[in-house]
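**Q** Below: one structure in structure tokens.
The values are calculated or read from the model by the stated rules, or taken from the named source; none is laboratory data. All values derive from a computational prediction rather than experimental measurement. Here the Cβ positions follow ideal geometry from the backbone for every residue, glycine too, while neighbour counts run over all protein chains shown.
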Amino acid sequence: MKKILLASHGLMAEGISNTLKIFIGECDNIYTVCAYVNQGSEFLQELQKFINSSENDGNTIIFTDIYGGSITQKIIELLIKAGKDIPVVAGANLPLVLSAALSTEKFTKENLQKSFEECKFVLVNLQQEEQFKGEPREDSENDFFEWNETKVSYRGEGESYCYIKLNFALRRNHQLAINKKEG
């Protein structure tokens, strides 16, 4: 069974986990560690417990919030001490974690690189992007993981509107997960 750890400074890990539940339902295999929320270092024991209970079998992955951050550094230190070869991905975002949660493949270097390419996060000033302007279409339950358009409004000089096209690039993994559950 796959095991995924989300570890962050503050509550980001729980936020990603809660959002995942909206997309894929309850998951017994997703764990969170939110460091520096309470005084003390109980998060270190949580990290150690997860690492100790994990195998080097390609079914475990750890996502952290920021490259070079204290959480990432501590996880690397604990993995080395435990002699574990578990992938650690720093700078996690929702599309990447969702892809990992839905994947039926092992977390190899090649598969991770493929996921990185599929889930690249791009910052775009949508107000200046002509391709995102237009009229929204009627959404249906069947095309949820295909292109959806959402109207977004925000305040600036006057009120501006733009349309965001979202593609989670996860249709393949989503369909594999559904087929596995049905089969």
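One line per residue, one yes/no per condition, for (1) at pLDDT 65 or above; (2) part of a helix (DSSP H, G or I); (3) hydroxyl-bearing (Ser, Thr, Tyr):
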position	(1), (2), (3)
Leu79	yes, yes, no
Asp85	yes, no, no
Glu105	yes, no, no
Lys114	yes, yes, no
Thr150	no, no, yes
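**Q** Something else: Filter the stretch 1-12 down to residues that are surrounded by fewer than 22 Cβ atoms within 10 Å (Cβ to Cβ), more than 23 Å from Asn56 (Cβ to Cβ) and in contact (Cβ under 8 Å) with a residue 60 or more places away in the chain, then give me how many there are.
**A** 1
**Q** Here is a further query. Do we have any residue at all in the stretch 18-25 that's modelled with pLDDT under 95, within 26 Å of Thr104 (Cβ to Cβ) and surrounded by 20 or more Cβ atoms within 10 Å (Cβ to Cβ)?
**A** yes
**Q** Please count how many residues of the stretch 55-77 are of a type outside the set (Val, Ile, Thr), surrounded by 14 or more Cβ atoms within 10 Å (Cβ to Cβ) and part of a loop (DSSP other than H, G, I, E, B).
**A** Residues that pass the stated criteria total 4.
**Q** Looking at the structure I just gave you, is Leu94 closer than 16 Å to Ala13 by Cβ and either at pLDDT 90 or above or hydrophobic (A, V, I, L, M, F, W, C) (or both)?
**A** Criteria met by Leu94.
**Q** Counting only residues that are of a type outside the set (Lys, Arg), without any contact (Cβ under 8 Å) to a residue 60 or more places away in the chain and assigned to a helix (DSSP H, G or I), how many does the stretch 13-53 have?
**A** Result for the stretch 13-53: 16.
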